[in-house]
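The values are calculated or read from the model by the stated rules, or taken from the named source; none is laboratory data. Predicted model only: the values in this text are computed from it and were never measured. We place every Cβ from the backbone using ideal geometry, glycine too, and count neighbours over all the protein chains shown.
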Amino acid sequence: MAGVYLHIPYCIKKCAYCDFVSFAEPEAVGAYVDWLLREIALAAERLPVPEVVESVFLGGGTPSLLAGAQMAAVLDALRARYPVAADAEITVECNPGTVDEARLAAYRAAGVNRLSVGLQSADDALLAAVGRIHTYARFAETMAAAARVGFDNINVDVMHGLPGQTESAYLDTLACACSMEGVRHVSAYALILEEGTPLFTRVRAGSVALPDEDAVADMQDAGMAYLAAHGFQRYEIANYARPGFACRHNLGYWQNGEYLGFGVAAHAAQRVGGVWTRRENLATPEAYRRSIAQGRLPVAVTRAIGREEEMFETVMLALRTVAGLSLPGFLARFGVSLYEAYPAAVAELRRRGWTCESATAFALNARGLDLQNETLLAFLPE
């Protein structure tokens, strides 16, 4: 089983906090789709094809800049060359400032069955402060349109720790998100201040103030309680879902599963010739196009992952989830148990009281999840 990630690196305007590989050139989307189709064809010829593709995720940038026909062309190209399961989860990230009912209907007809809609905040002043192009009213219109055309599996992205944000404002945002028809999943992230972004510059200059660490932690705790009370179960550090609606694509990442990556700066992980291998595509549109035009895959880096690193990756990713690491799965993958591979790390986490264990899983409790980075230090090789 595998997933497919497709990166659409264009947007109307970069948000003030964004350090993703993206470019404010929406007019370039049409030509880019043509190159993306060529990459999909090249990869199918030259790289291992998975037995089945269980999930497809279009991220960005702003994938919802694609017109309906462009979305259909991309998904049709995947289905023509890869064994995409009939019930595959197919997600598109949507910016409420870029879609209308006709476009959403076309996505639905093309086979998209899950949307991830970026709300971030229900407060228009906070949206403006971080450079979002939409308003709350536009978000509400988008959600209503999505429901009318039949989308009933929708994630809403929200953020806490925004400039000037209060706990009350954050809870209002969660209330707005949870009240929308079709919302089955909420991704609730703390703002990360990335060096080189406009927001970073403003904060360092003192023209913008962020809530302090204690206030951000209080927002997270209050948000977690609110979501639990309204039927959204935490299943990963920052992700919450109604029963049966966890994101299958992201679960594949956290289980350190195989996935293909297409598009500028896309990443992939596959077992090639028995070796766990990670690939990273070229990170500029110019280099990406040039490589494909020359008949070469647009890969910048290919790296074989050794057994110890693969083991650490598998533990690191699985311990982001509430379910934790499958002990039978780890044993089957590596021929050694977690307890044999990492006796000192397990003992240290038990001593600190951060574990939640069963006969089949090794997981972190709420305290361990909150201290994720410190927890993982225990597993690093000396």
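Quick notes on this one:
- Scan of the range 137-153 for residues that are surrounded by 18 or more Cβ atoms within 10 Å (Cβ to Cβ) and touching a helix residue (DSSP H, G or I) at 6+ places or on another chain (Cβ under 6 Å), ordered by number: ALA145, ALA146
- The set of residues in the range 1-30 being touching a residue at least 60 places away in the same chain (Cβ under 8 Å), in a loop (DSSP other than H, G, I, E, B) and over 16 Å from ASN281 (Cβ atoms) consists of MET1, CYS11, ILE12, LYS13, LYS14, CYS15, ALA16, TYR17, CYS18, ASP19.
- Top-ranked residue in the range 31-78 [being part of a helix (DSSP H, G or I) and aromatic (Phe, Trp, Tyr); ranked as surrounded by the fewest Cβ atoms within 10 Å (Cβ to Cβ)]: TRP35
- Residue within the range 211-227 that is of a type in the set (Phe, Trp, Tyr), at negative phi and at pLDDT 95 or above present: yes
- Of all residues making up the range 337-373, the number that are among the β-branched types (Val, Ile, Thr) and farther than 18 Å from GLN255 by Cβ: 2
- Within the range 77-97, the residues that satisfy the criterion of being closer than 24 Å to ALA145 by Cβ and in contact with a Leu (Cβ under 9 Å, 6 or more places away or on another chain) are ILE90, THR91, VAL92, GLU93, CYS94, ASN95, PRO96.
- Pairs, first among the acidic types (Asp, Glu) in the range 139-168, second assigned to a helix (DSSP H, G or I), C-beta under 6 Å, six or more apart: GLU167/ASP218; GLU167/MET219; GLU167/ALA222
- Tally of residues being surrounded by fewer than 19 Cβ atoms within 10 Å (Cβ to Cβ) and on the phi < 0 side of the Ramachandran plot across the range 107-128: 6
- Taking the numbered list (1) crowded, with 19+ Cβ neighbours inside 10 Å; (2) outside any loop (DSSP other than H, G, I, E, B) in turn, PHE379 passes all entries but (2).
- Of all the residues in the range 219-232, those that are surrounded by 15 or more Cβ atoms within 10 Å (Cβ to Cβ) and either under 15 Å from ALA366 (Cβ atoms) or among the polar types (S, T, N, Q) (or both) number 5.
- Residue under evaluation VAL186, criteria (1) surrounded by 18 or more Cβ atoms within 10 Å (Cβ to Cβ); (2) among the aliphatic types (A, V, I, L, M); (3) at pLDDT below 95, criterion not met: (3)
- Selection count, the range 248-279, where residues are assigned to a loop (DSSP other than H, G, I, E, B) and farther than 24 Å from ARG38 by Cα: 5
- Of all the residues in the range 200-247, those that are over 13 Å from ALA16 (Cβ atoms), aromatic (Phe, Trp, Tyr) and assigned to a helix (DSSP H, G or I) number 1.
- Residue list for the range 258-279, filter: of a type in the set (Gly, Ala, Ser) and buried (at least 21 other Cβ atoms within 10 Å of the Cβ): GLY261, GLY263, ALA266, ALA268, ALA269
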